[in-house]
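Novice: The structure's right below; bear with me while I get my questions together.
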Amino acid sequence: MKIVVTGATSFLGAASVKELLGRGHKVYALVRPGSLNRKALPKEQEGLIVLETELSQLDRIEEKIPETCDGFLHFGWDGSGSENRKNAKVQQKNVEDSMKALKGAQKLGCRRFLFGGSQAEYGQRRDIMREDDVCHPVSEYGKAKLEFGIRAREYIKQQNNGLAGMEYIHARIFSVYGPGDHPWSLVNTCLDTFRRDGVMELGACTQFWNFLYVDDLVQALMSLLFYPGKRKEEIYNVAAEGAATRPLRDYVEEMHVLCGGMGTPRYGCLPPNAEGPANLIPDISRIQDETGWRPKVSFAEGIRRTLAAGAAEERRQHCLACGERLPNSVLLSFRDMPASAQNIPDAQEMKTDRGITLNLHRCSRCGLVQFDCMPVDYYRDVIRSGGFSTTMTELRRRQYRHLIETYGLEGKKFIEAGCGQGEFLTVLTEFPVRVYGVEHKRDLVRSAREKGLTVWEGFTESETTRLGEEGPYDVFLSFNFMEHQPDPGTMLECIRENLTEDGMGLITVPSLEYILQYDGYYELIRDHIAYYSFDTLERLLALHGFQVLEKEMVNRDTCSVIVRKVKEKKTDMAAALPELDFSALEKSHGEICRQTRKLQERLRQEKKTLALWGASHQGFTLAATTCLGETASYIMDSAPFKQGRFAPASHLPIVAPEHFLEEPVDVILIVAPGYTDEIAEIIRNRFSKTVQIMTMRSDRLEVL
Ligand SMILES: [Zn+2]
């Protein structure tokens, strides 16, 4: 059958789409234009057609869907968060948009329209909730869901005029949990907090509750959507069985046990939600009697599955370079780290943004130090932030000259795989060689072309990917890109296939040893999923048929190697791994936490205020992992695209430096490695001669 699903990226929408596809149906998944949650749906799957449309355009959906459909599943509903549930205007618009959806479904010839209603329609209750009860919804959200149900049934009755036509089914959904739910849902917050051994602050939790596992919910909806023959009723409660209904506190205690008894639930700390402390005591005999559907997953089983899905989603089990299983014990674990250095959340995105735990491992086979997280979603794009300094230009010029002169590469074809907007290729055009580049991010390709460079859009996706149109190439270049790659092996294989027989390469990556010796833990970021040193880089290269001819430490903190393609791939890793001392990273974390606490204490005693300067990844990490996040009032940054947004994980507001004049502080802490003195000058000249200026050097807080 052909089924339309609105709100297809929502928790329940995405789960329904998956089930429908699994049953072999064709699904038109409707998502909001530019939906941030697009990844909730499969990237590509047979039978899935994703269409972007606003909810207010649903009455013209036949313009986008060129065929008759069978069913319509309507989950599209704005503002289901706690605040918007109280907003009458937002909720009233949902009613109007849903009426449009109903008309759209009719135009498509759908035989059934299934609506995702809510227990909130019932209002505050202490007794069993049955479909025919008179409803007294409290929240605007509940009122709107109820109102739409009434209007929809009225409309259908008029249209059908007693004859067979589209059926309206109203599923009153109670409390659903499971993989894919919001991270801030009660179940997910409990699981996450307990597993982190944290304190979970809760309301009294004395109300009766009823949780249904998402797979059971989806099966219930399917039973309503595909029920043969005509429905007797229009409204159906969808929840777990009556026997599952018990005080919310019981559920919390069960989750606590299932998390191994870690963490602490603390009751009575939070006020009740928008609707007040409502009980959920559903009667589900109607759907059971009519469709034969029964919930199958117990709460304990559902929680186990939710925990397992979370673990499977977040962690890689194997070394990204050699495929060896990563050791069970981690080298170091950092909590509350920013989930990304580049995705800076706005007010809306902030609701789903939270800190992540980064576990550092060292592969016991190839020795590569790496995080066991999934990569950031933009790892194919080159990120070269900050000014393009003369030091860097000079370095590249020297490296190019050495490479070309030493190996006689005049007139040869060079390609940079991951060339950004061609910053380093421009320097290469000074030499008598042919210059090409490949870059994944379209905007950067455009900028590079505007500079007159020959750059193609592309990425080293697989061994058979052709890079650009001028291959094979004689030399490849890769500057600080490999440390972002979750599959550097495939990247190297692809490059190898695009090279001439004895092709060469120049690769740079940040040095692990430098970070261990000189940097604080706050240099570690999720964007850099791997941390190379000469020996691990050399092993990886040998594994994929490259021999290292020269190695050099450049700019003090970067490993640079010149390689040649060889016939033989070396899989032997017998050589012992060098000793590495990771204790400095842990110590730097402890030391910085101690110093920032001291600063916090001093500011409190002197009744002084603090702001940070520098919405850099180092600033984000410090704000999120030390008490600076709760001590500082804001982060100043001169980059306009960061202003008005929030630091990932700590959620400190990012403001323009001029904000200081409106909301002055007593102390400014600069966290912008490389620009500290320049920024201190700006502060003194433009803002205040008296404000105290501090900075972070390695693991020390210093007054400037
Ligand atoms: Zn390995």
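Novice: Go through segment 390-410 and give me each residue that's in a loop (DSSP other than H, G, I, E, B) and either within 16 Å of the ligand (Cβ to nearest atom) or open to solvent by less than 50 Å² (accessible area, probe 1.4 Å) (or both). Walk me through how you get there before you give the answer.
Specialist: Taking segment 390-410 first, the residues in a loop (DSSP other than H, G, I, E, B) are 408-410.
Scanning segment 390-410 gives Gly408, Leu409.
Novice: Also, quick follow-up: Going by the structure shown, is Lys43 assigned to a helix (DSSP H, G or I), open to solvent by 70 Å² or more (accessible area, probe 1.4 Å) and within 26 Å of Gln219 (Cβ to Cβ)? Step through it out loud before you land on a result.
Specialist: Details: assigned to a helix (DSSP H, G or I): no; open to solvent by 70 Å² or more (accessible area, probe 1.4 Å): yes; within 26 Å of Gln219 (Cβ to Cβ): yes.
Taking the combined requirement at face value, the residue does not satisfy it.
Novice: Still on this structure, I have one more. Determine, yes or no, whether Phe115 is in a strand (DSSP E or B), crowded, with 24+ Cβ neighbours inside 10 Å and modelled with pLDDT of 95 or more. Write out each step before concluding.
Specialist: Working: in a strand (DSSP E or B): yes; crowded, with 24+ Cβ neighbours inside 10 Å: yes; modelled with pLDDT of 95 or more: yes.
Criteria met by Phe115.
Novice: Which of (1) open to solvent by 10 Å² or more (accessible area, probe 1.4 Å); (2) touching a residue at least 12 places away in the same chain (Cβ under 8 Å) is the odd one out, the single condition Glu658 does not satisfy?
Specialist: With (1) open to solvent by 10 Å² or more (accessible area, probe 1.4 Å); (2) touching a residue at least 12 places away in the same chain (Cβ under 8 Å) applied to Glu658, the lone miss is (2).
Novice: Just to be sure I understand the filter: pairs with C-beta atoms under 7 Å, separated by 6 or more residues or on different chains, first member in segment 345-366 and more than 30 Å from Pro578 (Cα to Cα), second member within 15 Å of the ligand (Cβ to nearest atom) and modelled with pLDDT of 90 or more. Which pairs pass?
Specialist: Qualifying pairs under 7 Å: none.
Novice: Something else about it: Is at least one residue of segment 265-283 touching a helix residue (DSSP H, G or I) at 6+ places or on another chain (Cβ under 9 Å), loosely packed, with under 14 Cβ neighbours inside 10 Å and in a helix (DSSP H, G or I)?
Specialist: No, segment 265-283 has no match at all.
Novice: Which members of segment 239-249 meet the condition of being part of a helix (DSSP H, G or I), in contact (Cβ under 8 Å) with a residue 12 or more places away in the chain and surrounded by fewer than 17 Cβ atoms within 10 Å (Cβ to Cβ)? Step through it out loud before you land on a result.
Specialist: Residues of segment 239-249 that are part of a helix (DSSP H, G or I), as a first pass: 242-244, 248-249.
Checking the rest, the ones that are also in contact (Cβ under 8 Å) with a residue 12 or more places away in the chain come to 242, 244, 248-249.
Listed by number, the list holds a single entry, Gly242.
Novice: Which residues, taken from segment 576-592, are exposed (fewer than 10 other Cβ atoms within 10 Å of the Cβ) and of a type in the set (A, V, I, L, M)?
Specialist: Once the filter is applied, which keeps residues that are exposed (fewer than 10 other Cβ atoms within 10 Å of the Cβ) and of a type in the set (A, V, I, L, M), segment 576-592 yields only Ala576.
Novice: Going by the structure shown, is Glu121 in contact with a Pro (Cβ under 6 Å, 6 or more places away or on another chain) and at pLDDT 95 or above?
Specialist: Taking the combined requirement at face value, the residue satisfies it.
Novice: Next up: Return the only residue of Tyr227, Tyr236, Tyr168, Tyr155 being among the hydroxyl-bearing types (Ser, Thr, Tyr), in a loop (DSSP other than H, G, I, E, B) and in contact (Cβ under 8 Å) with a residue 40 or more places away in the chain. Steps first, answer last, please.
Specialist: Values: Tyr236 fails: in a loop (DSSP other than H, G, I, E, B); Tyr168 fails: in a loop (DSSP other than H, G, I, E, B); Tyr155 fails: in a loop (DSSP other than H, G, I, E, B).
That would be Tyr227, the only listed residue that is among the hydroxyl-bearing types (Ser, Thr, Tyr), in a loop (DSSP other than H, G, I, E, B) and in contact (Cβ under 8 Å) with a residue 40 or more places away in the chain.
Novice: Does segment 31-50 hold any residues that are in contact with a Lys or Arg (Cβ under 9 Å, 6 or more places away or on another chain) and touching a residue at least 40 places away in the same chain (Cβ under 8 Å), and which are they?
Specialist: Within segment 31-50, Val50 is the sole residue that qualifies.
Novice: Additional query: Can you tell me which residue in segment 341-365 is nearest to Ala624 (Cα to Cα), limited to those that are within 16 Å of the ligand (Cβ to nearest atom) and part of a loop (DSSP other than H, G, I, E, B)? Even if it seems obvious, please write down each step before you answer.
Specialist: Restricting attention to segment 341-365, the residues satisfying the condition of being within 16 Å of the ligand (Cβ to nearest atom) are 359-365.
From the residues that got through so far, the ones that are part of a loop (DSSP other than H, G, I, E, B) too are 363-365.
Details: Cys363: 28, Ser364: 31, Arg365: 33 Å.
Taking the candidates together, the pick is Cys363.
Novice: For the condition under 21 Å from Gly418 (Cα atoms), in contact with a Gly (Cβ under 6 Å, 6 or more places away or on another chain) and either of a type outside the set (Asp, Glu) or buried (at least 20 other Cβ atoms within 10 Å of the Cβ) (or both), what is the one hit in Asn498, Asn555?
Specialist: None of the other options fit; the residue is Asn498.
Novice: Could you grab me the full set of residues in segment 22-36 that are over 12 Å from Met222 (Cβ atoms) and touching a strand residue (DSSP E or B) at 6+ places or on another chain (Cβ under 8 Å)? Step through it out loud before you land on a result.
Specialist: Of all residues in segment 22-36, those over 12 Å from Met222 (Cβ atoms) come to 24, 26-36.
Hits for segment 22-36 are Lys26, Val27, Tyr28, Ala29, Leu30, Val31, Arg32, Pro33, Gly34, Ser35.
Novice: Any idea how many residues of segment 287-340 are small (Gly, Ala, Ser), more than 16 Å from the ligand (Cβ to nearest atom) and modelled with pLDDT under 90?
Specialist: Start the filter on segment 287-340 by keeping residues that are small (Gly, Ala, Ser), which leaves 292, 298, 300, 302, 308-312, 321, 323, 329, 333, 339-340.
Right, trim to more than 16 Å from the ligand (Cβ to nearest atom) and you get 292, 298, 300, 302, 308-312, 333, 339-340.
Those left that are additionally modelled with pLDDT under 90: 308-312, 333, 339-340.
The qualifying residues number 8.
Novice: Quick check: is even one residue across segment 150-162 of a type outside the set (Lys, Arg), over 30 Å from Ala347 (Cα atoms) and either surrounded by 20 or more Cβ atoms within 10 Å (Cβ to Cβ) or touching a helix residue (DSSP H, G or I) at 6+ places or on another chain (Cβ under 6 Å) (or both)? Give the steps one after another, and end with the answer.
Specialist: The initial filter retains those residues of segment 150-162 that are of a type outside the set (Lys, Arg), namely 150, 152, 154-156, 158-162.
Next, only the ones that are over 30 Å from Ala347 (Cα atoms) stay: 150, 152, 154-156, 158-162.
If we keep only those that are either surrounded by 20 or more Cβ atoms within 10 Å (Cβ to Cβ) or touching a helix residue (DSSP H, G or I) at 6+ places or on another chain (Cβ under 6 Å) (or both) as well, we get 152.
Among the residues of segment 150-162, at least one is of a type outside the set (Lys, Arg), over 30 Å from Ala347 (Cα atoms) and either surrounded by 20 or more Cβ atoms within 10 Å (Cβ to Cβ) or touching a helix residue (DSSP H, G or I) at 6+ places or on another chain (Cβ under 6 Å) (or both), which makes the answer yes.
Novice: For the structure I just gave you, tell me whether Pro183 is part of a loop (DSSP other than H, G, I, E, B), open to solvent by 40 Å² or more (accessible area, probe 1.4 Å) and touching a residue at least 24 places away in the same chain (Cβ under 8 Å). Let's see the steps before the verdict.
Specialist: On the way: part of a loop (DSSP other than H, G, I, E, B): yes; open to solvent by 40 Å² or more (accessible area, probe 1.4 Å): no; touching a residue at least 24 places away in the same chain (Cβ under 8 Å): yes.
Judged against the criteria, Pro183 is not a match.
Novice: Using the structure shown, decide if Leu612 is more than 29 Å from the chain's Cα centre (by Cα), surrounded by 14 or more Cβ atoms within 10 Å (Cβ to Cβ) and not β-branched (Val, Ile, Thr). Even if it seems obvious, please write down each step before you answer.
Specialist: Numbers: more than 29 Å from the chain's Cα centre (by Cα): no; surrounded by 14 or more Cβ atoms within 10 Å (Cβ to Cβ): yes; not β-branched (Val, Ile, Thr): yes.
Taking the combined requirement at face value, the residue does not satisfy it.
Conditions tested, residue by residue: (1) over 29 Å from the mean Cα position of the chain (by Cα); (2) at pLDDT 95 or above; (3) within 25 Å of Ile525 (Cα to Cα); (4) buried (at least 20 other Cβ atoms within 10 Å of the Cβ).
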position	(1), (2), (3), (4)
Arg594	yes, no, yes, no
Gly619	no, no, yes, yes
Gly629	no, no, yes, yes
Asp637	no, no, yes, yes
Phe641	no, no, yes, no
Ser650	no, no, yes, yes
Ala672	no, no, yes, yes
Tyr675	yes, no, yes, no
Arg684	yes, no, no, no
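Novice: Which of (1) open to solvent by 10 Å² or more (accessible area, probe 1.4 Å); (2) touching a residue at least 12 places away in the same chain (Cβ under 8 Å) does Ala623 not meet, given it meets every other one?
Specialist: (1)
Novice: Next up: Restricting attention to segment 463-476, does a residue exist that is open to solvent by 10 Å² or more (accessible area, probe 1.4 Å), closer than 11 Å to Ile415 by Cβ and of a type in the set (Gly, Ala, Ser)?
Specialist: So far as segment 463-476 goes, yes, one or more of its residues are open to solvent by 10 Å² or more (accessible area, probe 1.4 Å), closer than 11 Å to Ile415 by Cβ and of a type in the set (Gly, Ala, Ser).
Novice: How many residues, within segment 1-26, are farther than 30 Å from Pro345 by Cβ and either in a loop (DSSP other than H, G, I, E, B) or open to solvent by less than 30 Å² (accessible area, probe 1.4 Å) (or both)? It would help to see each step written out before you state the result.
Specialist: Pass one, segment 1-26, residues farther than 30 Å from Pro345 by Cβ: 1-4, 19-26.
So of that shortlist, the ones also either in a loop (DSSP other than H, G, I, E, B) or open to solvent by less than 30 Å² (accessible area, probe 1.4 Å) (or both) come out as 1, 3-4, 20-21, 23-25.
Number satisfying all stated conditions: 8.
The values are calculated or read from the model by the stated rules, or taken from the named source; none is laboratory data. Everything quoted here is computed from the prediction, not taken from an experiment. Virtual Cβ from ideal backbone geometry, glycine too; neighbours counted across all protein chains shown. The protein model used for the area step is the full one, side chains on, heavy atoms only, and it has no ligands, DNA or RNA in it. Shrake-Rupley method; radii C 1.70, N 1.55, O 1.52, S 1.80 Å.
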